[in-house]
Amino acid sequence: MEQFKDRLQESCNACVDIPDYGHGRQVYISKALNVSQEGVRKWFAGDCKPRTAAMKKLAALLKVDYAWLSIGSSLLETTKFREVAKQQDAGVYALTSYLLMSGYTVAFTEDPQDSSDITAFANGKLVKLAAKTAASTAGKVVIKTSKPQAGVLTVGCIFKSSPEEAAIAYDFIDLTGLRHDAESITLKTKNNCYTNGKEIFHPLNI
């Protein structure tokens with residue numbers, strides 16, 4: 001299976017702006033991205049991958065697609081990834097971003113028999129998630145869930161905004177145990193959790 005270091009070498013070889021191997025390639029990338037030469041050396045050796053921000057800058061420097069460089073999807077798969085992303089609601093897209101920043105490799109579920117929205121993988125752990133999006137109004141949220149499929153974690157993507165805040169923010173809540181009908185949950189700011197008066201639903205931790 002192709003690794004990040006292989007895609008990095010391939011991209012460098014194809015980019016006319018990047019020096020040839022053995023002629024200052026790693027030094028050039030280090031200076032262009034303002035990262036240590038030792039860090040760049042580890043990328044080429046396959047010891048580690050850049051963090052999200054550095055990966056985006058590296059993809060731009062090499063003039064390649066970020067998703068391909070980061071997770072190894074082909075051009076066709078990357079295009080498909082974007083098309084599906086446009087069709088998913090904002091909560092699914094936000095959850096996808098959260099998972100990517102947490103180090104997960106992410107794929108959208110397309111099987112109609114599968115109730116999950118996202119399949120995520122990291123450190124030998126595979127997680128299937130169903131995203132349920134709702135807006136928070138004065139700390140109160142109404143979320144309608146469906147009967148869960150075995151092995152699928154239901155995640156509440158709680159959209160929060162106010163006239164005083166320019167930023168858009170989400171809470172990602174583990175909704176395990178929530179009834180399978182319209183259910184109201186309320187934010188408890190003291191401990192940053194949600195409750196329906198009986199069960200407590202905590203921030204997502206995977």
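Each reported figure results from applying straightforward, stated rules to the coordinates on display, with no laboratory input. Quick caveat, the model's predicted, so the values are computed rather than measured. Positions of Cβ are generated from backbone atoms using ideal geometry, with glycine treated the same way; all protein chains shown enter the neighbour counts.
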Can you give me the long-range amide H partners of Thr109? Hydrogens built in the peptide plane at 1.01 Å from N, cutoff under 5 Å, separation of 5 or more residues or another chain. Ile118, Thr119
Local electrostatic count, Gly46, Cβ distance below 10 Å [Lys/Arg +1, Asp/Glu -1]: +1
I need two numbers for region 1-70: Rg to one decimal and Dmax as a whole number, Cα atoms only, in Å. 10.7, 30
Of all chymotrypsin sites (Phe, Trp or Tyr not before Pro) in region 7-70, which ones are in loop regions per DSSP and have a Cβ with at most 16 other Cβ atoms within 10 Å? Tyr21
